[in-house]
Every structure is written in C-alpha cells, then in structure tokens.
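The values are calculated or read from the model by the stated rules, or taken from the named source; none is laboratory data. This is a predicted model, so every value here is computed, not measured. Virtual Cβ from ideal backbone geometry, glycine too; neighbours counted across all protein chains shown.
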Amino acid sequence: MAAGEFVSVHSQADTENADLNRERVELKENPEAEQRELAGIYVARGLEPALADTVAGQLMAHDALGAHARDELGLSAVTAARPTQAALASAASFSVGAALPIVVVGAAPAQQLILWVSITSLVFLAGLGAASAQAGGAGVWAGTWRVAFWGAIAMAVTAGAGALFGAVA
C-alpha cells in the first residue's frame, strides 16, 4: 500500500515539477506574454483589466514563478505532492486498520470466522468513515455510508475472486 502510494504521489510530483520547469522556460522566453496571461486570469476573477495588469506586474516582479505556479497552475507549498509523507501515512493507516480485523480473528469462533470478520470489518470501516468525515468537516452520514458501501463492494469482489479461483472453501 505504501509503495503504491509513494509511486502514485511521486508521479504527481513529477508532473508538478515538469509544469514548473515549462513555466520557467516560458517566463524566460516571453515574460510579456506571461504577464498578459496572468492578468487575464485576474480579469476572469473579477479585476478591472488595468488593475489586473498592475497586480500581475507587481507579483511577477516579486516572484514570477511563484505567481504563475499559484494562480495559473494551482500549485503551492501547501498543496505540493509529498511522496514520502503519503507513503508513511498510508503505511501507518493500513497497519492500524489491519490490526482491528486481526484482533477479531483471534477472538471469533473458528466456524464463524468469515462472518465475524466480514461484519466487524464493515463496522470498523463505517466507524473510520464517520471519523474521517467528522475530522474533515463533511457530512458524517455521507462519509459513513460511502466508506461502508465501497468497503462492502470491495469485500464482495474479493470473496468472488476467491470463490472463482478456488481459494475459498
């Protein structure tokens, strides 16, 4: 999980870096056109054309690449892709999330193991969905339902594949 997250987010970081490099070249080769482009963005946001040109000029004089990264590309230090951080967060959450069903495996009767693990895993997923929604300020019921629903679908597909290939008795 962590390796997949690292690769995915690293690809995003590569794309962001390529965009920034392309912007550096454009700023060097044609700064006037880049200022007009930035001013156009500000006009589209509601500034008068003369003010937009003034703002674009001042921002470019201060930090041209930063202004274009933020306002043209939508990139900032806060939103930049961080592959290692994403991988560590994925590894930690996966480990904690895997611990709960493992505890159930140790406690549930052997003849009802699949039922117990399935039901408690859905309950755990619903709880995590609710906690995530609450932490993010989103609707708790929507977050709970979404995580539980897609968790149930993933479990059903996994069980189906196991049955199809003879891995489930």
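Data for the structure
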{"read-out": "Lone qualifier among Ala77, Ala81, Ala87 - being of a type in the set (Gly, Ala, Ser) and without any contact (Cβ under 8 Å) to a residue 24 or more places away in the chain", "value": "Ala77"}
{"read-out": "Residue among Gly106, Gly97, Gly143, Gly162 that is without any contact (Cβ under 8 Å) to a residue 40 or more places away in the chain, closer than 27 Å to His10 by Cβ and outside any loop (DSSP other than H, G, I, E, B)", "value": "Gly97"}
{"read-out": "Members of segment 14-35 found to be farther than 12 Å from Glu72 by Cβ and surrounded by 15 or more Cβ atoms within 10 Å (Cβ to Cβ), listed by number", "value": "Glu16"}
{"read-out": "Residue match in segment 73-81 (condition: modelled with pLDDT under 95, outside any loop (DSSP other than H, G, I, E, B) and out of contact with any strand residue (DSSP E or B) (no Cβ under 7 Å at 6 or more places or on another chain))", "value": "no"}
{"read-out": "Filtered residue count, segment 38-68, keeping only those that are part of a helix (DSSP H, G or I), over 25 Å from Ala81 (Cα atoms) and of a type in the set (Asp, Glu)", "value": "1"}
{"read-out": "Residue match in segment 114-131 (condition: farther than 19 Å from Gly97 by Cα and not β-branched (Val, Ile, Thr))", "value": "no"}
{"read-out": "Residue that is farthest from the chain's Cα centre (by Cα), among those in segment 111-163 that are surrounded by fewer than 11 Cβ atoms within 10 Å (Cβ to Cβ), of a type in the set (A, V, I, L, M, F, W, C) and at pLDDT 90 or above", "value": "Val157"}
{"read-out": "Odd one out for Leu100 among (1) touching a helix residue (DSSP H, G or I) at 6+ places or on another chain (Cβ under 7 Å); (2) modelled with pLDDT of 95 or more", "value": "(2)"}
